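Visitor: Right, I'll just put the structure down here and ask away after.
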Amino acid sequence: MPRLPLDQLSFSNRFTDELPGDADTRAVPRQVTGAAYSRVAPSAVSAPALLAHSPEVAEMIGLPPELWPDDDAATADFAQVFAGNRLPAGAGPYAMAYGGHQFGNWAGQLGDGRAIALGEIVAPSGEHLTLQLKGSGLTPYSRGADGLAVLRSSIREFLCSEAMHHLGVPTTRALSLVLTGDKVVRDMFYDGNPKPELGAVVCRVAPSFIRFGNFQLPASRGDLGLLRQLVEFTIRRHFPELLDGTLRSTTDHLPPSVVAAWYEAAVRRTAHLMVEWNRIGFVHGVMNTDNLSILGLTIDYGPYGWLDDFDPDWTPNTTDFGQRRYRFGQQGLVAHWNLAQLGSALAPLLTDVEPLQTALDVYPALYRSGTEAMLSAKLGLPVPSADVAVDLVDRDLQTELWRALTLAETDYTIFFRRLADLPAELEGPAARRAVLADAFYRPEQLDTDTAAQMDNWLVAYQQRLQDLAVDDTERRLAMHRVNPKYVLRNYLSQLAIDAAESGDPSMITELLDVLRHPYDDQPDHDAWATKRPDWARSRPGCSTLSCSS
Ligand code: AMP
Ligand code: MG
């Protein structure tokens, strides 16, 4: 019998081969000490059905269309494997142990409560990629929960992972979305009305799913041996550029200087990620330290959201409405705080913690200069090179813009797309306002004073363009490369969810197709680049979400 395509994936499970595992193999919730992971198999599901997949990710892991024929048998096997019913040859499933600070408080052991990695494959590119099933049953880290995921949150994770990638933002990827055929009970509004919902599994793909919390957990227990092993594994396997030839060819412990350099690399990647989230108007929603990737990837798509109207205080996460810790305008600060927690976890490995402090102190300036460069690019103005301060005129323009955007409800995405169309020489407040009209949710908010303030900013912007002799056509093209036309607006996901829940999953793939080219004009899909419609303003799922998933 010929080998099934999925048995031809080339597994090489470095995380489990090289790090200590849990001796206990029962999938019973418990504290796991002295181990980086626990071996656990995905739970069987009753009727796996493939709803959507990402062809790019399939190709990336070594499943090009030639290997994965478009026939029923291949599709059925794909659904079986990525629902967790059949382990492909070479797989070695496991759940990771990690801890974390949740909403600012140390929460102890968390871990993969409903994510089970199948193992790592060696991609055709030579890169190691972990395939991880989310929603495939109980693990030792499930605490009181069921280890499962519902369709609505799985659609959101599947689509957003891929949308982020196509926007050029570091992220874990999504290979597939499979319906399990089983029901999962959820109390979506936490109001005492649990209901059965459709269960689903997403296969996520990333070079690693290691989070800040993986290091925090052994550090919190004083298990410095495990902490060092995890750190050295992460550096050797995921940051080899930090090792010189001698260190690469030995298995000796890494010197403190390399640990500090690695920490600084994590600081830099995280700062870059925060700037990128701000560029596109993404709010993660649950930036607990267990949800921050050591590789600087966007990870764990839960109650995230996209800004429709610009509001630095906005968070989609209803669980966070009290303190709004994870609001849009605070993500950069929170990441700094989270990095400080990571640094504290690493400190016991170094006799002198000064280098860690120095690395952490890189963050504020990096975040500020990154934000300024990002905003300059969004405005089509010259972008200062790394670590160089932006021109003071541009800094003022940026500060004023942040204020101007809050004057009236202004769509963040549409504003920058339309601004690209504003000729530098266009005269008259009415003409200028007409170019931007689409971006305003409530034109009646643009009373005389507000309209004048907004126009003052536009005039200052035009003046700057004229002073720098920026060419309108080139600026428009440059702005379109950094200001997406299509983002995964919350209400668009919700429409895809509503349709899929009533049996028609086609919008998932249609949305994915459009989001594959987020910076391009796609005239057939203009409807998906418009403002959030009024009906979606306060509908759950379209503007706010609970953690129930
Ligand atoms: P989150 O903040 O959603 O990333 O999850 C926090 C912790 O809760 C992680 O350890 C998750 O694995 C765990 N968790 C979330 N939902 C479930 C579930 N349905 N079953 C088991 N564990 C879960
Ligand atoms: Mg998480």
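Visitor: Based on what the data block shows, is A500 open to solvent by less than 60 Å² (accessible area, probe 1.4 Å), out of contact with any Phe, Trp or Tyr (no Cβ under 8 Å at 6 or more places or on another chain) and not acidic (D, E)? Before the answer, list the steps.
Guide: Values: open to solvent by less than 60 Å² (accessible area, probe 1.4 Å): yes; out of contact with any Phe, Trp or Tyr (no Cβ under 8 Å at 6 or more places or on another chain): yes; not acidic (D, E): yes.
Yes: the conditions hold for A500.
Visitor: Also: Got a number for residues in segment 493-535 being more than 15 Å from L159 (Cβ to Cβ) and part of a loop (DSSP other than H, G, I, E, B)?
Guide: Qualifying residue count for the region: 11.
Visitor: Search segment 80-109 for residues that are farther than 16 Å from V40 by Cα and of a type outside the set (D, E) and pair each with any residue that is open to solvent by 40 Å² or more (accessible area, probe 1.4 Å) and away from ligand 1 (no atom under 16 Å from the Cβ) when their beta-carbon atoms are under 6 Å apart and the residues are at least 6 apart or on different chains.
Guide: Q80/R86
Visitor: Is there a residue in segment 375-384 that is surrounded by fewer than 18 Cβ atoms within 10 Å (Cβ to Cβ), hydrophobic (A, V, I, L, M, F, W, C) and free of Cβ contacts under 8 Å to residues at least 60 places away in the same chain?
Guide: no
Visitor: State whether one or more residues within segment 272-293 are at positive phi and within 16 Å of ligand 2 (Cβ to nearest atom).
Guide: Taking segment 272-293 as the starting set, the residues that turn out to be at positive phi are 281, 285.
Going one step further and asking which of them are within 16 Å of ligand 2 (Cβ to nearest atom), we end up with 285.
Yes, some residue in segment 272-293 is at positive phi and within 16 Å of ligand 2 (Cβ to nearest atom).
Visitor: If the Cβ limit is 6 Å and pairs must be 6+ apart or interchain, which residue in segment 118-144 that is closer than 20 Å to D17 by Cα pairs with which residue that is among the polar types (S, T, N, Q)?
Guide: Note: pairs meeting the criteria are G119/N13; E120/S12; E120/N13; E120/T130; I121/S10; V122/S10; V122/S12; P140/S38.
Visitor: If Q357 satisfies all but one of (1) within 26 Å of L224 (Cβ to Cβ); (2) touching a residue at least 40 places away in the same chain (Cβ under 8 Å); (3) surrounded by fewer than 16 Cβ atoms within 10 Å (Cβ to Cβ), what's the number of the condition it fails?
Guide: Condition not satisfied by Q357: (2).
Visitor: Of everything in segment 183-235 that's open to solvent by less than 10 Å² (accessible area, probe 1.4 Å) and among the charged types (D, E, K, R), which residue is farthest from A149 (Cα to Cα)?
Guide: Once the filter is applied, the top-ranked residue is R211.
Visitor: Next up: So, in segment 506-524, exactly how many residues are without any contact (Cβ under 8 Å) to a residue 60 or more places away in the chain and open to solvent by 60 Å² or more (accessible area, probe 1.4 Å)?
Guide: The qualifying residues number 6.
So that you can scan it fast, the table gives a plain yes or no per residue for (1) within 16 Å of ligand 2 (Cβ to nearest atom); (2) outside any loop (DSSP other than H, G, I, E, B):
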| site | (1), (2) |
| --- | --- |
| V57 | no, yes |
| A74 | no, yes |
| G90 | no, no |
| A95 | yes, yes |
| G108 | yes, yes |
| I155 | no, yes |
| C160 | yes, yes |
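Visitor: Also, quick follow-up: Which members of segment 510-547 meet the condition of being within 15 Å of Y491 (Cβ to Cβ) and hydrophobic (A, V, I, L, M, F, W, C)?
Guide: Across segment 510-547, the qualifying residues are L511, V514, L515, A527, W528, A529, W535, A536, C542, L545.
Visitor: Related question: Given G99, G126, which one is more than 18 Å from N214 (Cβ to Cβ) and away from ligand 2 (no atom under 11 Å from the Cβ)? Quick ask: steps written out before the conclusion?
Guide: Working: G99 fails: more than 18 Å from N214 (Cβ to Cβ).
Step by step, each of G99, G126 is checked, and only G126 is more than 18 Å from N214 (Cβ to Cβ) and away from ligand 2 (no atom under 11 Å from the Cβ).
Visitor: Would you say E157 is charged (D, E, K, R), open to solvent by less than 10 Å² (accessible area, probe 1.4 Å) and touching a helix residue (DSSP H, G or I) at 6+ places or on another chain (Cβ under 8 Å)? Step through it out loud before you land on a result.
Guide: Details: charged (D, E, K, R): yes; open to solvent by less than 10 Å² (accessible area, probe 1.4 Å): yes; touching a helix residue (DSSP H, G or I) at 6+ places or on another chain (Cβ under 8 Å): no.
Taking the combined requirement at face value, the residue does not satisfy it.
Visitor: Could you list, in sequence order, all residues of segment 277-302 that are open to solvent by 10 Å² or more (accessible area, probe 1.4 Å) and more than 18 Å from W337 (Cα to Cα)?
Guide: Selection gives R279, D300, G302.
Visitor: Tell me which residues, restricted to segment 295-336, are of a type outside the set (S, T, Y) and within 14 Å of ligand 2 (Cβ to nearest atom).
Guide: Taking segment 295-336 as the starting set, the residues that turn out to be of a type outside the set (S, T, Y) are 295-297, 299-300, 302-303, 305-314, 316-317, 320-325, 327-336.
Within segment 295-336, L297, I299, D300, G302, P303, N317 meet the criteria.
Visitor: Which members of segment 473-490 meet the condition of being surrounded by fewer than 19 Cβ atoms within 10 Å (Cβ to Cβ) and either under 21 Å from the mean Cα position of the chain (by Cα) or among the hydroxyl-bearing types (S, T, Y) (or both)?
Guide: Residues satisfying the conditions are T473, R481.
Visitor: For segment 406-442, name all the residues that are free of Cβ contacts under 8 Å to residues at least 12 places away in the same chain and not in a helix (DSSP H, G or I).
Guide: Hits for segment 406-442 are E427, G428.
Visitor: A further question on this structure: For segment 282-309, enumerate the residues that are over 21 Å from S153 (Cβ atoms) and either at pLDDT below 95 or more than 16 Å from ligand 1 (Cβ to nearest atom) (or both).
Guide: Answer for segment 282-309, where residues must be over 21 Å from S153 (Cβ atoms) and either at pLDDT below 95 or more than 16 Å from ligand 1 (Cβ to nearest atom) (or both): L295, G296, D309.
Visitor: Suppose we filter G144, G126 for residues that are more than 22 Å from Q331 (Cα to Cα), assigned to a loop (DSSP other than H, G, I, E, B), of a type outside the set (A, V, I, L, M) and more than 14 Å from ligand 1 (Cβ to nearest atom); which single one remains? Outline the logic, then answer.
Guide: Values: G144 fails: more than 14 Å from ligand 1 (Cβ to nearest atom).
Only one candidate passes the filter, namely G126.
Visitor: So L397 ticks every box in (1) exposed (fewer than 15 other Cβ atoms within 10 Å of the Cβ); (2) part of a helix (DSSP H, G or I) but one. Which box is left unticked?
Guide: It fails just one condition, (1).
Visitor: Let me ask you something else. Counting only residues that are within 15 Å of ligand 1 (Cβ to nearest atom) and in a strand (DSSP E or B), which one in segment 110-123 is nearest to D7 (Cα to Cα)? Full working, then the answer.
Guide: From segment 110-123, those within 15 Å of ligand 1 (Cβ to nearest atom) are 110-117; that's our starting set.
Next, from what is left, pick out any that are in a strand (DSSP E or B): 115-117.
Working: A115: 21, I116: 18, A117: 16 Å.
This residue is A117.
Visitor: Which numbered condition trips up P364, out of (1) assigned by TED's automatic domain parsing to the domain that holds Q341; (2) modelled with pLDDT under 95?
Guide: Every listed condition holds for P364 apart from (2).
Visitor: Please verify whether segment 40-55 includes one or more residues that are free of Cβ contacts under 8 Å to residues at least 40 places away in the same chain and either open to solvent by 10 Å² or more (accessible area, probe 1.4 Å) or of a type outside the set (D, E, K, R) (or both). I'd like the intermediate steps shown before the answer.
Guide: Within segment 40-55, the subset free of Cβ contacts under 8 Å to residues at least 40 places away in the same chain is 55.
With either open to solvent by 10 Å² or more (accessible area, probe 1.4 Å) or of a type outside the set (D, E, K, R) (or both) added as a condition, the list becomes 55.
Yes, the conditions are met somewhere in segment 40-55.
Visitor: Being assigned to a loop (DSSP other than H, G, I, E, B) and either of a type in the set (D, E, K, R) or surrounded by fewer than 19 Cβ atoms within 10 Å (Cβ to Cβ) (or both) is the filter here, so list the residues in segment 236-261 that pass it. First the steps, then the outcome.
Guide: Taking segment 236-261 first, the residues assigned to a loop (DSSP other than H, G, I, E, B) are 239, 243-244, 249-255.
Of everything in segment 236-261, those that are assigned to a loop (DSSP other than H, G, I, E, B) and either of a type in the set (D, E, K, R) or surrounded by fewer than 19 Cβ atoms within 10 Å (Cβ to Cβ) (or both) turn out to be F239, L243, D244, S249, T250, T251, D252, H253, P255.
Visitor: Within segment 59-72, work out how many residues are within 27 Å of the chain's Cα centre (by Cα) and part of a helix (DSSP H, G or I).
Guide: 2
The values are calculated or read from the model by the stated rules, or taken from the named source; none is laboratory data. These figures come from a predicted structure and were not determined experimentally. Counting neighbours? That spans all protein chains shown, and the Cβs are built from the backbone with ideal geometry, glycine included. Accessible surface areas use protein heavy atoms only, side chains included; no ligands, DNA or RNA. Shrake-Rupley method; radii C 1.70, N 1.55, O 1.52, S 1.80 Å.
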